[in-house]
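See below for the structure under consideration.
The values are calculated or read from the model by the stated rules, or taken from the named source; none is laboratory data. Small disclaimer: the values here were computed from a predicted structure and weren't measured. Cβ: placed from backbone, ideal geometry, glycine included. Neighbour counts: every protein chain shown.
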Amino acid sequence: MCAKTRRLKTSRRKKESKGSLFNILLIFFLIALVAALVAYFFYEVEKTGNKTTPKPATAKSVQIKKPLPQTALNGTWVSTSDGRILDIKGNRFTLELPSVADHEIIKGTLHISGNTVQFVYHSSVNSCTRQPGTYRFSLQKQSIRFHVIQDDCAGRKQIFATLWEKF
């Protein structure tokens with residue numbers, strides 16, 4: 001009896017191991033099939049350029065930026081005398097002062113009323129920070145010239161006392 005019981009247990013184990021191997025192969029096949037279908041779907045969407053499927057919103061796409069006011073001064077301007085660069089975007093500006101010894105970048109805001117502009121530096125190493133400089137400007141095709149009305153900053157007066165060309 002003991003031998004017969006061993007044979008029964010051995011045959012059951014063989015059947016169980018064959019069944020579990022079959023189950024593992026079946027699961028592997030199903031996973032491979034699902035992966036192939038997913039890959040095919042994404043390939044078809046990319047290939048056809050399906051624009052109807054909305055992309056999930058991300059933090060970057062949800063941010064709403066306040067629109068900048070449009071002015072006639074918007075754009076990049078280059079000084080004809082020394083290559084200084086004035087970049088105006090709405091009510092903000094960046095002024096690059098290239099130099100062999102020292103390269104300075106000044107950022108600030110500007111306020112325009114008619115043909116008058118007021119520049120206020122927010123980041124500068126000189127004493128002109130937060131002191132406004134008021135200028136009258138005249139546009140001619142692709143150039144602009146600033147004429148000082150009131151500015152206590154001698155450095156800013158010197159910077160803007162030149163012809164600027166649209167870049």
When residues of region 150-164 are limited to those that are part of a strand (DSSP E or B) and of a type in the set (A, V, I, L, M, F, W, C), the one surrounded by the fewest Cβ atoms within 10 Å (Cβ to Cβ) = LEU163
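Yes/no per residue for (1) closer than 29 Å to PHE167 by Cβ; (2) at pLDDT below 75; (3) touching a helix residue (DSSP H, G or I) at 6+ places or on another chain (Cβ under 7 Å); (4) assigned by TED's automatic domain parsing to the domain that holds HIS122:
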{"site": "ALA35", "(1), (2), (3), (4)": "no, no, no, no"}
{"site": "THR53", "(1), (2), (3), (4)": "no, yes, yes, no"}
{"site": "SER79", "(1), (2), (3), (4)": "yes, no, no, yes"}
{"site": "ARG92", "(1), (2), (3), (4)": "yes, no, no, yes"}
Residue in region 125-133 that is of a type in the set (A, V, I, L, M) and either outside any loop (DSSP other than H, G, I, E, B) or surrounded by 13 or more Cβ atoms within 10 Å (Cβ to Cβ) (or both) present | no
On the given criteria, is LEU110 surrounded by 14 or more Cβ atoms within 10 Å (Cβ to Cβ) and modelled with pLDDT of 90 or more?
-> yes
Any residue in region 141-149 that is under 29 Å from the mean Cα position of the chain (by Cα) and buried (at least 19 other Cβ atoms within 10 Å of the Cβ)?
-> no
Within the group ARG136, ARG145, which residue is modelled with pLDDT of 90 or more and either over 16 Å from SER81 (Cβ atoms) or of a type in the set (Gly, Ala, Ser) (or both)?
-> ARG136
Looking at this structure, is PHE167 in contact (Cβ under 8 Å) with a residue 12 or more places away in the chain, among the hydrophobic types (A, V, I, L, M, F, W, C) and crowded, with 17+ Cβ neighbours inside 10 Å?
-> no
